[in-house]
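Asks: Structure in structure tokens, see below.
Here, each number is a calculation from the coordinates, and none is a lab measurement. Fair warning: this is a prediction, and the values are worked out from it, not measured in the lab. We place every Cβ from the backbone using ideal geometry, glycine too, and count neighbours over all the protein chains shown.
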Amino acid sequence: MSDARARRGGGVQHLKVKLAVFLAVCALPLYGSLSMWLRGISLIPLAAYGVVSAVAFFLYWGDKRKARNEAWRTPENILHAVELAGGWPGALIAQQVFRHKTRKASFQIVFWMIVGMHQMFWIDRLFYGSALSAVF
């Protein structure tokens, strides 16, 4: 699909690049949560990423519909709370599919900080045995 068609509403722009970024940022959380489940530690992180991502996706969908209809909107702090709870993968997909909240710089800064926090958590857990979190 061409970029011109994507801008008219026919799909995600720069799909290959965005898919590569999505896979890159999901790699550590997916590996970490899968390894926790397979080692019998906990299914909660894996389940949370899936369930909360679905919630985030539908919150973004609803918020986009409300924005088009000039109705009451979902507060940004609610969207960010759901992202922080593990819904950032679903939020990232929704941002691209619905082209929602992608241009608001202040929103994107907080969103990517949340993604970064999840990355740091899994780096700490997988490579440092949670030694860094003991300092705080």
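Asks: Exactly one of (1) in contact with a helix residue (DSSP H, G or I) (Cβ under 6 Å, 6 or more places away or on another chain); (2) of a type outside the set (Phe, Trp, Tyr); (3) not in a loop (DSSP other than H, G, I, E, B) is unmet by Ala24. Its number?
Replies: It fails just one condition, (1).
Asks: Restricting to region 33-57, what's the tally of residues that are touching a residue at least 24 places away in the same chain (Cβ under 8 Å), out of contact with any Phe, Trp or Tyr (no Cβ under 8 Å at 6 or more places or on another chain) and either small (Gly, Ala, Ser) or surrounded by fewer than 13 Cβ atoms within 10 Å (Cβ to Cβ) (or both)?
Replies: 3
Asks: Mind checking which residues of region 79-111 are closer than 15 Å to Leu15 by Cα, crowded, with 20+ Cβ neighbours inside 10 Å and hydrophobic (A, V, I, L, M, F, W, C)?
Replies: Leu92, Ala94
Asks: Any residue at all in region 58-77 that's part of a helix (DSSP H, G or I) and in contact with a Gly (Cβ under 7 Å, 6 or more places away or on another chain)? Please lay out each step first, then the result.
Replies: Residues of region 58-77 part of a helix (DSSP H, G or I): 58-68, 76-77.
Filter once more, so that each one left must be in contact with a Gly (Cβ under 7 Å, 6 or more places away or on another chain): none.
No, that holds for no residue.
Asks: May I pose another question? Return a yes/no flag: does region 98-119 have any residue that is of a type in the set (Val, Ile, Thr) and touching a Gly at 6+ places or on another chain (Cβ under 8 Å).
Replies: The answer is no; no qualifying residue exists.
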